[in-house]
1. Distances from A:Asp122 to the same position in the other copies: list them in nm, one decimal, shortest first, using label points 7 Å from Cα along Cα→Cβ.
2. Taking the solvent-accessible surface of protein heavy atoms with a 1.4 Å probe, what is the per residue accessible area of region A:47-108 in Å²?
3. Can you give me the angle between helix B:53-72 and the longest principal axis of chain B, using Cα atoms only, in degrees from 0 to 90, rounded to the nearest 10?
4. With each run of n ≥ 4 DSSP H residues scored as -39500 (n - 2.57), what mean residue ellipticity at 222 nm is computed for the protein assembly as shown after dividing by its residue count and rounding to the nearest 500 deg cm²/dmol?
5. Output the residues of region A:2-33 meeting this criterion: accessible area (heavy atoms, 1.4 Å probe) in the chain alone minus accessible area with all protein chains in place is 40 Å² or greater.
6. Do me a favour and compute the ellipsoid semi-axes for region A:39-159 from its Cα gyration tensor, root of five times each eigenvalue, largest one first, whole Å.
7. Size of the dipole of chain A about the Cα centre, Lys and Arg at +1 and Asp and Glu at -1 on the beta carbon, nothing else charged, in debye to 20?
8. Could you give me the radius of gyration and the Dmax of region A:122-168, taking only the C-alpha atoms into account and expressing both in angstrom?
There are 2 protein chains.
Amino acid sequence: MTISMYQASVPVLVRMLGNLSAILTKAAAYAEAKKIEPRVLLDARLAPDMLSLTRQVQIASDSAKGCGARLAAVDVPKYEDNEASFDELQARIAKTVAFLNSLRPEQIDGSEDRDVTIPTRDQPLQFKGLVYLVNFVLPNFYFHVTTAYAILRHNGLEIGKLDFLGAR
Amino acid sequence: MTISMYQASVPVLVRMLGNLSAILTKAAAYAEAKKIEPRVLLDARLAPDMLSLTRQVQIASDSAKGCGARLAAVDVPKYEDNEASFDELQARIAKTVAFLNSLRPEQIDGSEDRDVTIPTRDQPLQFKGLVYLVNFVLPNFYFHVTTAYAILRHNGLEIGKLDFLGAR
């Protein structure tokens, strides 16, 4: 027996985006309770040359919508990257999830050998679908979700591993 | 077409452990160049109640060897968790990789419906193999590798996303 490209991608991304959304809900409540300007958390970063919380969430979203679209061979939805509040980040996550949920398993299953091209500033990256998913999308996606979590933990938000992993 | 449980697990974990090893090699060289006591980096954490770099590496290793063993239905190798230097962490990563590489695809393929039980302090967690891999192992594994990276970035190590993702 085997597993399908859909099973290994869309439901996993949707689930983790839900966990990220719940963490951001706690972060917004924490900012309000502690009278922290939300901007302080949204702009927080772990090193001067690392990306802010806002960018981590935007890129997690990019990674997820890019994966769904490229594996299904449809256009990648473009967002403006202009989110400036927790509510706007929540809206971005919600539209990313809605897009992923609009993809049917049969659009994605069988994409393991599909050619995937990622535009970059230098030359485009070329992958087969399986390598793209397991060696590019998932590491990148988890990198940004984990870093968002770590930025908030470093800034005093009381969350734990179960917030990251979500309910089973 | 479909993908196999082996393809989605062992080579992915081995590859990322190699990237983690290369990052730790850079961290050890950085400590030496800057005359930082290695202990300072090994004990570093992003919040007082988060785990240290050493523990992040140990748990990434645990997550990887647990995955390989449970999917292959063999005993999980036990390590003593007594690493106290970069060299000892490298040795732990090396033995984790050697264990994973000892597993044959045919031991793991077909494990998507295998029952997997994880002992915890409370009641054991029960999974089917596929859910265990995509919703437990991979998020946990990437969580700890990313947090190790983030601890080192926060402490001034000059590494970038390509160190995390590794060569293609």
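1. Inter-copy label distances (nm, one decimal, shortest first): 4.7.
2. Details: 2760 Å² over 62 residues.
Here the residues of region A:47-108 average 44 Å² of exposed surface.
3. Tilt of helix B:53-72: around 20 degrees.
4. Details: 14 runs with 184 residues, N = 336.
Taking each H run of at least 4 residues, the total per residue is -17500 deg cm²/dmol.
5. A:Thr2, A:Ile3, A:Arg15
6. 28, 16, 13
7. Working: 19 positive and 19 negative charges, 74 e Å.
Magnitude of the dipole: close to 360 debye.
8. Final numbers for Rg and Dmax: 14.7, 42 Å.
The values are calculated or read from the model by the stated rules, or taken from the named source; none is laboratory data. From a predicted model like this one, the values you see are computed outputs, not experimental measurements. Using ideal geometry, Cβ is built from the backbone for each residue, glycine included, and neighbour counts are taken over all protein chains shown. The accessibility values were calculated without ligands, DNA or RNA, using every heavy atom of the protein model including side chains. Shrake-Rupley method; radii C 1.70, N 1.55, O 1.52, S 1.80 Å.
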